[in-house]
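The values are calculated or read from the model by the stated rules, or taken from the named source; none is laboratory data. Keep in mind the model is a prediction, meaning the values are calculated, not measured. Cβ coordinates were reconstructed from backbone atoms using ideal geometry, including for glycine residues, and neighbour counts include every protein chain displayed.
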Amino acid sequence: MRGLAGLLAPLLSPAARRRGFAETTILTEWSRVVGAGFAARCQPVRIDHPRGGRRGGTLLLRATGGAALELQHAAPQLLERINTHFGYPAVARLRFIHAPPPRMRPRPPAPPARELSPAERRELAALTGAIAEPGLREALLALGEAVRTGGADR
C-alpha cells in the first residue's frame, strides 16, 4: 500500500510548479506543515518568488475574512512552520485571498489499537532494558508499543 500523497506527487508536480511550488509536498501535506488548526482555515494557492530566486517569496493563501485576520496575527508562526518544511527561507510574506478554502473530508477515526501480548511486552522490555536513563527508556518503550500496536499515527 502506498500513500495517496506519494501517488499524486508526480501528477501534481507540473501544475504545482506553474503556481510557484518547487515541490508538491506543501500542497499534499499542508495539514502537517502548518498544523490541523491552521490548515482548516486556509489553503495555499501559489508562491510568487522574486525574479531569479527561490527565497523570500510571497505565499498566497485562501481564507475567509475572519480567519485571514486571525492568520495575519499568526503570520510569524506560519512562516516559521512553512520555511522549516522547505528547509530554507522560501517564504517571507503571506497574502490572503478572501475566499473559503475547499471543504476537506474529515479523516475516519482510526481503529482502536490492539493490546500487546506478554511475549511482545517482554521483548520490548529486553530491547530497552540496557538504557540507563529512565525517562529515555520509558519513552522508547512507549514508542515501541505504539509502533507494534498500530497506534503510532495517533
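In the set Thr84, Thr128, only one residue is among the hydroxyl-bearing types (Ser, Thr, Tyr) and closer than 30 Å to Cys42 by Cα; that residue is Thr84.
Restricting region 132-154 to residues that are modelled with pLDDT under 90 and assigned to a loop (DSSP other than H, G, I, E, B), which is surrounded by the most Cβ atoms within 10 Å (Cβ to Cβ)? Among them, the one singled out is Gly151.
Among the residues making up region 122-131, those that are within 11 Å of Glu145 (Cα to Cα) and either in contact (Cβ under 8 Å) with a residue 12 or more places away in the chain or not in a helix (DSSP H, G or I) (or both) are Leu124, Ala125. Among all residues of region 85-106, there is none that is surrounded by 12 or more Cβ atoms within 10 Å (Cβ to Cβ), touching a Pro at 6+ places or on another chain (Cβ under 9 Å), closer than 18 Å to Thr25 by Cβ and in the same structural domain as Thr28 (by TED's automatic domain parsing).
In region 44-60, which residue that is modelled with pLDDT of 90 or more and surrounded by fewer than 19 Cβ atoms within 10 Å (Cβ to Cβ) is nearest to the chain's Cα centre (by Cα)? It comes out as Leu60.
Of these, Ala113, Ala75, Ala119, which one is assigned by TED's automatic domain parsing to the domain that holds Glu29 and farther than 20 Å from Thr28 by Cα? After applying the criteria, what remains is Ala75. You will find that of Ala125, Ala113, the residue that is modelled with pLDDT of 90 or more, on the phi < 0 side of the Ramachandran plot and more than 21 Å from the chain's Cα centre (by Cα) is Ala125 and no other.
Filtering Ile97, Ile82 for residues that are assigned to a strand (DSSP E or B), farther than 26 Å from Gly150 by Cβ and free of Cβ contacts under 8 Å to residues at least 60 places away in the same chain leaves a single hit, Ile97. Residue pairs whose Cβ atoms lie under 9 Å apart, separated by 6 or more positions or on different chains, with the first residue in region 61-73 and surrounded by fewer than 19 Cβ atoms within 10 Å (Cβ to Cβ) and the second of a type in the set (S, T, N, Q), are Arg62/Gln43.
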